[in-house]
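In what follows, a single structure is set out as C-alpha coordinates and then discussed.
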Amino acid sequence: MVRMTAEERRESVIRAAITEFSQRGYYGTSTEAIAKRVGVSQPYLFRLFPGKKAIFGAASLLCIDEMREVFEKAAEGLEGQEALHAIGDAYVQLIQERPEWLQMQMQTYITVAAAEAEGEHEFGELVRAGWTRLWDTVHLLSGADVDLTTTFLAKGMLINTYTAMGFPPEHRVWQGMYDKARVAGQPEKHSGE
(Lines give C-alpha, C1' and ligand atoms only; values in the text may rest on other atoms or scores of the structure.)
Protein backbone atom coordinates (compact mmCIF):
# COMPACT_ATOMS: atom_id res chain seq x y z
CA MET A 1 0.00 0.00 0.00
CA VAL A 2 1.37 3.40 -0.99
CA ARG A 3 1.52 5.94 1.83
CA MET A 4 0.16 9.44 1.26
CA THR A 5 2.48 12.38 1.36
CA ALA A 6 1.81 15.06 3.96
CA GLU A 7 0.38 17.28 1.21
CA GLU A 8 -1.96 14.52 -0.01
CA ARG A 9 -3.04 13.84 3.57
CA ARG A 10 -3.56 17.58 4.08
CA GLU A 11 -5.86 17.73 1.06
CA SER A 12 -7.79 14.67 2.25
CA VAL A 13 -8.29 16.43 5.60
CA ILE A 14 -9.57 19.55 3.83
CA ARG A 15 -12.03 17.52 1.75
CA ALA A 16 -13.24 15.62 4.81
CA ALA A 17 -13.59 18.93 6.63
CA ILE A 18 -15.79 20.27 3.83
CA THR A 19 -18.14 17.34 4.34
CA GLU A 20 -18.21 17.78 8.11
CA PHE A 21 -18.40 21.59 8.20
CA SER A 22 -21.03 21.73 5.45
CA GLN A 23 -23.33 19.57 7.55
CA ARG A 24 -22.75 20.97 11.03
CA GLY A 25 -21.02 24.32 10.57
CA TYR A 26 -17.88 25.58 12.24
CA TYR A 27 -19.24 25.57 15.78
CA GLY A 28 -21.01 22.20 15.50
CA THR A 29 -18.09 20.29 14.00
CA SER A 30 -15.36 18.79 16.12
CA THR A 31 -11.82 18.21 14.95
CA GLU A 32 -12.32 14.68 16.25
CA ALA A 33 -15.07 14.13 13.65
CA ILE A 34 -12.80 15.42 10.88
CA ALA A 35 -9.90 13.23 12.02
CA LYS A 36 -12.18 10.19 12.20
CA ARG A 37 -13.62 10.84 8.72
CA VAL A 38 -10.15 11.01 7.18
CA GLY A 39 -8.72 8.19 9.28
CA VAL A 40 -6.03 10.05 11.24
CA SER A 41 -5.52 10.91 14.87
CA GLN A 42 -6.30 14.36 16.24
CA PRO A 43 -2.61 14.95 17.08
CA TYR A 44 -1.72 14.20 13.45
CA LEU A 45 -4.45 16.58 12.31
CA PHE A 46 -2.79 19.33 14.36
CA ARG A 47 0.57 18.57 12.78
CA LEU A 48 -1.01 19.44 9.45
CA PHE A 49 -3.00 22.47 10.66
CA PRO A 50 -2.44 24.78 13.63
CA GLY A 51 -6.11 24.56 14.67
CA LYS A 52 -9.75 24.17 13.72
CA LYS A 53 -10.02 27.69 12.30
CA ALA A 54 -7.12 26.96 9.91
CA ILE A 55 -8.87 23.81 8.73
CA PHE A 56 -12.12 25.71 8.18
CA GLY A 57 -10.27 28.47 6.32
CA ALA A 58 -8.55 25.96 4.06
CA ALA A 59 -11.88 24.25 3.36
CA SER A 60 -13.56 27.57 2.53
CA LEU A 61 -10.74 28.62 0.21
CA LEU A 62 -10.68 25.26 -1.56
CA CYS A 63 -14.37 25.68 -2.39
CA ILE A 64 -13.75 29.18 -3.75
CA ASP A 65 -10.65 28.14 -5.72
CA GLU A 66 -12.36 25.11 -7.24
CA MET A 67 -15.33 27.30 -8.18
CA ARG A 68 -12.92 29.63 -9.99
CA GLU A 69 -11.46 26.66 -11.87
CA VAL A 70 -14.95 25.50 -12.90
CA PHE A 71 -15.73 29.04 -14.12
CA GLU A 72 -12.47 29.29 -16.08
CA LYS A 73 -13.07 25.96 -17.79
CA ALA A 74 -16.71 26.83 -18.61
CA ALA A 75 -15.85 30.21 -20.13
CA GLU A 76 -12.90 28.99 -22.18
CA GLY A 77 -13.07 30.58 -25.64
CA LEU A 78 -16.20 32.59 -24.77
CA GLU A 79 -16.80 36.18 -23.74
CA GLY A 80 -19.58 38.53 -22.71
CA GLN A 81 -23.04 37.06 -22.18
CA GLU A 82 -21.98 33.70 -23.63
CA ALA A 83 -19.26 33.40 -21.01
CA LEU A 84 -21.62 34.46 -18.22
CA HIS A 85 -24.26 31.92 -19.26
CA ALA A 86 -21.63 29.16 -19.48
CA ILE A 87 -20.32 30.11 -16.04
CA GLY A 88 -23.85 30.21 -14.63
CA ASP A 89 -24.70 26.81 -16.08
CA ALA A 90 -21.45 25.34 -14.75
CA TYR A 91 -22.17 26.73 -11.29
CA VAL A 92 -25.68 25.29 -11.19
CA GLN A 93 -24.28 21.92 -12.27
CA LEU A 94 -21.58 22.15 -9.58
CA ILE A 95 -24.03 22.74 -6.73
CA GLN A 96 -26.36 20.03 -8.03
CA GLU A 97 -23.55 17.47 -8.22
CA ARG A 98 -21.79 18.59 -5.05
CA PRO A 99 -24.37 20.10 -2.69
CA GLU A 100 -21.78 20.21 0.09
CA TRP A 101 -20.08 23.02 -1.86
CA LEU A 102 -23.18 25.19 -1.53
CA GLN A 103 -23.62 24.19 2.11
CA MET A 104 -19.97 25.03 2.81
CA GLN A 105 -20.47 28.47 1.25
CA MET A 106 -23.42 29.12 3.51
CA GLN A 107 -21.49 27.94 6.57
CA THR A 108 -18.60 30.20 5.56
CA TYR A 109 -20.81 33.29 5.50
CA ILE A 110 -22.20 32.47 8.94
CA THR A 111 -18.74 31.86 10.36
CA VAL A 112 -17.29 35.07 8.91
CA ALA A 113 -20.20 37.07 10.34
CA ALA A 114 -19.76 35.47 13.77
CA ALA A 115 -15.99 36.09 13.76
CA GLU A 116 -16.49 39.70 12.69
CA ALA A 117 -19.07 40.21 15.46
CA GLU A 118 -16.47 38.98 17.94
CA GLY A 119 -13.94 41.48 16.57
CA GLU A 120 -11.86 38.81 14.86
CA HIS A 121 -11.20 40.03 11.33
CA GLU A 122 -8.43 37.73 10.12
CA PHE A 123 -10.77 34.96 8.95
CA GLY A 124 -13.03 37.44 7.17
CA GLU A 125 -10.02 38.97 5.42
CA LEU A 126 -8.98 35.51 4.21
CA VAL A 127 -12.43 34.72 2.83
CA ARG A 128 -12.91 38.20 1.34
CA ALA A 129 -9.60 37.84 -0.51
CA GLY A 130 -10.83 34.54 -1.96
CA TRP A 131 -14.14 36.10 -2.97
CA THR A 132 -12.31 39.03 -4.55
CA ARG A 133 -10.36 36.55 -6.70
CA LEU A 134 -13.65 34.90 -7.66
CA TRP A 135 -15.21 38.27 -8.56
CA ASP A 136 -12.13 39.20 -10.62
CA THR A 137 -12.28 35.84 -12.41
CA VAL A 138 -15.91 36.32 -13.46
CA HIS A 139 -15.25 39.94 -14.42
CA LEU A 140 -12.19 39.17 -16.52
CA LEU A 141 -13.51 35.99 -18.14
CA SER A 142 -16.72 37.65 -19.27
CA GLY A 143 -15.26 41.01 -20.18
CA ALA A 144 -18.40 42.42 -18.60
CA ASP A 145 -18.62 45.81 -16.99
CA VAL A 146 -18.76 46.16 -13.21
CA ASP A 147 -22.57 46.39 -13.11
CA LEU A 148 -23.07 43.24 -15.18
CA THR A 149 -20.50 41.32 -13.12
CA THR A 150 -22.21 42.41 -9.92
CA THR A 151 -25.66 41.53 -11.25
CA PHE A 152 -24.42 38.13 -12.38
CA LEU A 153 -22.92 37.32 -8.98
CA ALA A 154 -26.02 38.65 -7.23
CA LYS A 155 -28.12 36.19 -9.24
CA GLY A 156 -25.72 33.46 -8.18
CA MET A 157 -26.31 34.37 -4.55
CA LEU A 158 -30.06 34.28 -5.16
CA ILE A 159 -29.66 30.81 -6.71
CA ASN A 160 -27.80 29.81 -3.54
CA THR A 161 -30.60 31.13 -1.36
CA TYR A 162 -33.42 29.50 -3.32
CA THR A 163 -31.54 26.20 -3.52
CA ALA A 164 -30.65 26.22 0.17
CA MET A 165 -34.27 26.94 1.12
CA GLY A 166 -35.49 24.09 -1.08
CA PHE A 167 -37.70 26.00 -3.50
CA PRO A 168 -38.88 23.50 -6.13
CA PRO A 169 -37.77 24.28 -9.70
CA GLU A 170 -41.30 25.12 -10.84
CA HIS A 171 -41.88 27.71 -8.10
CA ARG A 172 -42.51 31.25 -9.32
CA VAL A 173 -39.49 32.66 -7.44
CA TRP A 174 -37.27 31.09 -10.10
CA GLN A 175 -38.76 33.29 -12.85
CA GLY A 176 -36.11 35.43 -14.48
CA MET A 177 -33.28 33.05 -13.60
CA TYR A 178 -31.07 31.27 -16.08
CA ASP A 179 -32.98 28.39 -17.61
CA LYS A 180 -30.75 25.71 -16.09
CA ALA A 181 -31.03 27.33 -12.67
CA ARG A 182 -34.79 27.66 -12.89
CA VAL A 183 -35.44 24.13 -14.05
CA ALA A 184 -32.70 22.39 -12.12
CA GLY A 185 -33.12 18.66 -12.47
CA GLN A 186 -35.79 18.89 -15.15
CA PRO A 187 -35.37 18.67 -18.92
CA GLU A 188 -34.78 22.05 -20.55
CA LYS A 189 -37.76 23.67 -22.18
CA HIS A 190 -37.16 24.96 -25.66
CA SER A 191 -38.81 27.98 -27.19
CA GLY A 192 -42.15 27.00 -28.65
CA GLU A 193 -42.95 24.51 -25.87
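Is it the case that some residue within segment 20-39 is of a type in the set (Gly, Ala, Ser), surrounded by fewer than 19 Cβ atoms within 10 Å (Cβ to Cβ) and closer than 25 Å to Ala129 by Cβ?
Yes: segment 20-39 contains one or more residues that are of a type in the set (Gly, Ala, Ser), surrounded by fewer than 19 Cβ atoms within 10 Å (Cβ to Cβ) and closer than 25 Å to Ala129 by Cβ.
Go through segment 107-130 and report how many residues are surrounded by 15 or more Cβ atoms within 10 Å (Cβ to Cβ), in contact (Cβ under 8 Å) with a residue 60 or more places away in the chain and of a type outside the set (Gly, Ala, Ser).
Number satisfying all stated conditions: 5.
For segment 10-20, check the following and say yes or no: at least one residue is in contact (Cβ under 8 Å) with a residue 12 or more places away in the chain and polar (S, T, N, Q).
So far as segment 10-20 goes, yes, one or more of its residues are in contact (Cβ under 8 Å) with a residue 12 or more places away in the chain and polar (S, T, N, Q).
Take Glu76 and decide whether it is surrounded by fewer than 17 Cβ atoms within 10 Å (Cβ to Cβ), of a type in the set (Asp, Glu) and under 17 Å from the mean Cα position of the chain (by Cα). Before the answer, list the steps.
On the way: surrounded by fewer than 17 Cβ atoms within 10 Å (Cβ to Cβ): yes; of a type in the set (Asp, Glu): yes; under 17 Å from the mean Cα position of the chain (by Cα): no.
Spelling it out, it is not the case that Glu76 is surrounded by fewer than 17 Cβ atoms within 10 Å (Cβ to Cβ), of a type in the set (Asp, Glu) and under 17 Å from the mean Cα position of the chain (by Cα).
Scan segment 48-93 for residues that are in contact (Cβ under 8 Å) with a residue 60 or more places away in the chain and on the phi > 0 side of the Ramachandran plot and report the count.
Total satisfying the criteria: 1.
Any idea which residue in segment 2-19 is nearest to Ile64 (Cα to Cα), counting only those that are touching a Leu at 6+ places or on another chain (Cβ under 9 Å) and open to solvent by 30 Å² or more (accessible area, probe 1.4 Å)?
It comes out as Arg15.
The values are calculated or read from the model by the stated rules, or taken from the named source; none is laboratory data. In this text, all values refer to a predicted model and were calculated from it rather than measured experimentally. Because the Cβ atoms are built from the backbone with ideal geometry, glycine has one as well, and the counts that use them run over all protein chains shown. We work out accessible area using only protein heavy atoms, side chains counted, and drop any ligands, DNA or RNA first. Shrake-Rupley method; radii C 1.70, N 1.55, O 1.52, S 1.80 Å.
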